[in-house]
Amino acid sequence: MQCLHSKLAVFGAAILLGLFSNLLLPCSVPVTALGGIEAPTSPRLLVSEHFNLTLSIAVDLNAIPQGTEITVSGMVAYSNGTGVISDVSIEVRNPYGSTVGLRLAPTDTTGTFRDTFIIPSDSGAGVYSIDVTACRGTVCIARSTSFILSPSDFSVNVAPENATLQQGETATFNITLLPVSRFNSTVTLTLSNAPNGTSYSFSQSSLLPRGSTELSIVTSDNTPVGTFTALIVAMGGGKNHSETITLTIRPASNEWAVLLAIVLVIGVVLGLTFWRRKRASVEFRLEEDKDSLAVVRALARLEELKATGKVSNEEYEKLRKEYDHRLEKLRKQKPS
């Protein structure tokens, strides 16, 4: 009987010790969450705006060379506006539901929080969702929002789209690059399919949209005559665009050749007049001799055609001899 009493006493002491331990120790073992922050030992209650706790969220998008920078900020506060120090988790998911960003962003003493995420430029476009959860002790509040990420790109505008010029002249085109959906990469410009015998240059061959540059195309005497289509190519940020321009090349102007022909004709006329007047036996006045004047005019026209390349050398020599012969014949017909 005494042994039984001893066993009952030990069993009762064990029960009392277990109850006492449950009162002093936590009900579960702490676990470590993301960022090394210990998860609460007691389950947290997810609420909307209970316990006078509120959560506000703001999202700002900014283009950067790597893609799009997403800034998530907000405030955890009581209903009277007083900020609350709390633990905040931010999760960003892409249009396919996959997590592309997960951060712990504890608030400061005023209850505000802020963190940034970078969405790479090659990420898919669509609706991205943001889930924010703030916890104060065992009380949590959650908010969700979203933003639309459009494909980033740029556009190319060229003015004018065509130009007409003579051999040896220069054509100028203004090129404007405009960003689309926060595009923020350097764009490089080149020209292809330009006519032979031409050279070109950009005032800026690499620039960021929004920006403008000037393309100059210089022709030469060797540039073929005709109409040509060239291609302005713009590449940057994994995107490329092209715009066509039309060049119409005409023969070089023969103004100097025409002027030289006129000077030669005047010299011929004056020379003939002087020569005729030097002849003592013949009084020859061009203004009174219609036949001779007609021949001189024909001779002047012949010189002009030769200067502009509209008559062959063979035909020129033939006609020149014929006109000289006619002038000599008219001179001999004059009475002495």
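None of the figures in this text is laboratory data; all of them are computed from the coordinates on show. No experiment lies behind these values; they were computed from the predicted model shown. Ideal geometry is used to build each Cβ from the backbone, glycine not excepted, and the neighbour counts take in all protein chains shown.
Remarks
- Arranged from fewest to most other beta-carbon atoms within 10 Å of their beta carbon, Val92, Val296 become Val296, Val92.
- Sorting Asp291, Asp122, Asp115 from the fewest to the most surrounding beta carbons within 10 angstrom yields Asp122, Asp291, Asp115.
- Amide hydrogen proximity for Phe183: with H placed 1.01 Å from N in the peptide plane, the residues at 5 or more positions away or on another chain lying under 5 Å are Asp153.
- Convex hull volume of region 191-230 per residue (C-alpha atoms, cubic angstrom): 73
- Extension gain for Val263 to Ser220 (0.36 nm times residue separation, less C-alpha to C-alpha distance): 12.8 nm.
- Extent along principal axes [Cα atoms of region 153-250; Å; largest to smallest]: 45, 19, 19
- For region 153-250, the relative contact order is 36 percent, taking Cα pairs closer than 8 Å that sit 6 or more residues apart in sequence and dividing their mean separation by the residue count.
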